[in-house]
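Colleague: Let me give you the structure first, and then I'll get to my questions.
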Amino acid sequence: MVIPALDFVPLIDLSAWYSGDPEARAELVRAVDEALAASGFLLVTAHRVDDVLRRQLRAAVHEFFALPVEIKEQYATGPTGRGWVPVGREANAYSSGEESPPDLKQTFSCSNDRVPDGLESDSDLFPPNQWPTEAPNLQALAWAWRAEMLRLAGDLADLFSAALGLEPMWMRSRTDDPMWTLAMNWYPPVSVVGDPQPGQFRIGPHTDFGVMTLLDREPGIGGLQVQRADGSWVDAPYVDGALTINVGDLLARWTGDRWRSARHRVLPPPGDGVEESLLSLVFFDEGNMNQMIETLPAPAAGPNVYEPIRAADYLRLKLEQIDV
């Protein structure tokens with residue numbers, strides 16, 4: 001089922017895909033293609049992700065961020081590392097060629113626990129994970145969430161292949177041993193980060209770098225916004241229990257911009273005495289790092305043709321850009 005009444009980000013019920021019914025699948029495939037062409041974003045329900053796990057992981061992440069700064073500093077790193085990224089270390093707007101103050105967020109991130117075969121020379125993209133002993137449940141819960149996200153990303157890859165008119169396993173075969181990152185973002189209130197500087201956001205305007213992003217988020221005044229093709233910004237709709245899915249740069253390059261890697265941002269924390277704290281679980285599926293990203297031929301692709309680039313090289317470039 002497709003509910004288009006959420007501005008230009010439709011709500012997609014994945015039970016139609018899992019049902020195997022040809023007519024229901026065909027309707028879903030058309031809706032996905034139209035949505036990713038218009039906005040690059042979807043909301044999905046019936047995704048089969050365990051809600052108990054979601055609540056448990058969120059509790060463990062909150063436990064970590066509540067630790068004193070001097071403890072979190074033991075796990076400090078930058079955007080290309082694994083561990084705690086403090087406020088002031090990352091500015092996502094730089095990836096779009098814009099200068100801005102640093103993003104007003106803290107992140108704890110983890111990623112692959114091994115270097116995929118054939119990528120030994122790219123081991124800089126796979127630094128070791130750091131797991132805080134002060135949040136003892138975090139590792140197991142993050143690893144369980146990773147498994148859920150990889151399972152869903154594989155299902156979405158099959159759906160996306162169908163929407164592009166490709167053979168059934170086309171995208172799954174190119175994302176079956178991906179680099180992935182789970183970024184657990186805390187957006188603190190003003191009482192923690194202070195009043196925002198001019199042009200400062202919780203996350204500055206940017207596009208995501210990889211294939212697709214799977215996001216579990218909370219609504220708020222200082223929440224997610226998506227940029228329309230005409231340059232205007234709109235609040236991303238929120239539906240309780242739905243996950244937000246968006247196209248990354250590599251998928252947009254594959255499709256010749258048939259599907260948009262849309263710029264988005266997270267607004268600064270509200271002032272006027274409002275103490276708003278939000279938490280997002282952001283899973284980046286970057287695809288297989290040795291994969292050459294070449295624009296598909298017509299009719300699968302849109303109007304633009306990009307120079308081929310290896311996924312690992314593109315990702316490294318973008319991560320370096322946002323490191324303050």
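The values are calculated or read from the model by the stated rules, or taken from the named source; none is laboratory data. These figures come from a predicted structure and were not determined experimentally. Neighbour counts are summed over all protein chains in view; Cβ atoms, including those assigned to glycine, are modelled from backbone coordinates with ideal geometry. All accessible areas refer to the heavy atoms of the entire protein, side chains included, with ligands and DNA or RNA removed. Shrake-Rupley method; radii C 1.70, N 1.55, O 1.52, S 1.80 Å.
Colleague: Residues ALA60, ALA135, ALA35: which one is touching a residue at least 40 places away in the same chain (Cβ under 8 Å), more than 19 Å from ARG202 (Cα to Cα) and assigned to a helix (DSSP H, G or I)?
Modeller: Of the residues listed, the single one that is touching a residue at least 40 places away in the same chain (Cβ under 8 Å), more than 19 Å from ARG202 (Cα to Cα) and assigned to a helix (DSSP H, G or I) is ALA60.
Colleague: Please go through segment 137-153 and give me each residue that is within 20 Å of the chain's Cα centre (by Cα) and open to solvent by 10 Å² or more (accessible area, probe 1.4 Å), ordered by number.
Modeller: Hits for segment 137-153 are GLN139, LEU141, TRP143, ALA144, ARG146, ALA147, GLU148, LEU150, ARG151.
Colleague: Let me ask something else. Can you name every residue in segment 104-118 that is surrounded by 21 or more Cβ atoms within 10 Å (Cβ to Cβ), closer than 27 Å to MET289 by Cα and out of contact with any Leu (no Cβ under 7 Å at 6 or more places or on another chain)?
Modeller: GLN106, THR107, PHE108
Colleague: Now a separate question. Does LEU243 satisfy being farther than 28 Å from GLU276 by Cα and either among the aromatic types (Phe, Trp, Tyr) or at pLDDT 95 or above (or both)? Break it down stepwise before answering.
Modeller: Details: farther than 28 Å from GLU276 by Cα: no; either among the aromatic types (Phe, Trp, Tyr) or at pLDDT 95 or above (or both): yes.
No; evaluated as a whole, the condition is false for this residue.
Colleague: Would it be correct to say that GLY256 is closer than 30 Å to ILE309 by Cβ and small (Gly, Ala, Ser)?
Modeller: So GLY256 passes the test.
Colleague: Considering only segment 217-235, state which residues are of a type in the set (D, E, K, R) and assigned to a loop (DSSP other than H, G, I, E, B).
Modeller: Once the filter is applied, which keeps residues that are of a type in the set (D, E, K, R) and assigned to a loop (DSSP other than H, G, I, E, B), segment 217-235 yields ARG217, GLU218, ARG228, ASP230.
Colleague: Go through (1) under 20 Å from the mean Cα position of the chain (by Cα); (2) in contact (Cβ under 8 Å) with a residue 60 or more places away in the chain; (3) buried (at least 19 other Cβ atoms within 10 Å of the Cβ) and name the single condition VAL190 misses.
Modeller: Going through the list (1) under 20 Å from the mean Cα position of the chain (by Cα); (2) in contact (Cβ under 8 Å) with a residue 60 or more places away in the chain; (3) buried (at least 19 other Cβ atoms within 10 Å of the Cβ), VAL190 breaks only (1).
Colleague: Let me ask you something else. Please state which one of TRP254, TRP259 is of a type in the set (Phe, Trp, Tyr), over 22 Å from LEU14 (Cα atoms) and in contact (Cβ under 8 Å) with a residue 40 or more places away in the chain.
Modeller: Numbers: TRP259 fails: over 22 Å from LEU14 (Cα atoms).
Only one candidate passes the filter, namely TRP254.
Colleague: Within segment 62-103, track down each residue that is of a type in the set (A, V, I, L, M), over 20 Å from VAL190 (Cα atoms) and open to solvent by less than 30 Å² (accessible area, probe 1.4 Å).
Modeller: Selection gives ALA93 alone.
Colleague: Output the residue which, of all residues in segment 95-128 that are over 19 Å from the mean Cα position of the chain (by Cα) and hydrophobic (A, V, I, L, M, F, W, C), is nearest to GLY223 (Cα to Cα).
Modeller: Checked segment 95-128; the qualifying residue nearest to GLY223 (Cα to Cα) is VAL115.
Colleague: Given the criterion open to solvent by 30 Å² or more (accessible area, probe 1.4 Å) and in contact with a strand residue (DSSP E or B) (Cβ under 8 Å, 6 or more places away or on another chain), identify the matching residue among GLN130, GLN56. Walk me through it before giving the result.
Modeller: Working: GLN56 fails: in contact with a strand residue (DSSP E or B) (Cβ under 8 Å, 6 or more places away or on another chain).
It is GLN130.
Colleague: To continue, here is another question. Spot the failing condition for GLU294; the list is (1) farther than 20 Å from GLY204 by Cβ; (2) of a type in the set (Asp, Glu); (3) touching a residue at least 60 places away in the same chain (Cβ under 8 Å), and only one is missed.
Modeller: The number of the failed condition is (3).
Colleague: Report, ordered by the first and then the second residue, all pairs with beta carbons closer than 6 Å, sequence separation of six or more or different chains, a first member in segment 7-29 that is polar (S, T, N, Q), and a second member that is modelled with pLDDT of 95 or more and open to solvent by 40 Å² or more (accessible area, probe 1.4 Å).
Modeller: SER15/ALA46
Colleague: When you check SER121 against the structure, is it surrounded by fewer than 17 Cβ atoms within 10 Å (Cβ to Cβ), over 15 Å from THR77 (Cα atoms) and touching a His at 6+ places or on another chain (Cβ under 9 Å), yes or no?
Modeller: So SER121 does not fit the description; no.
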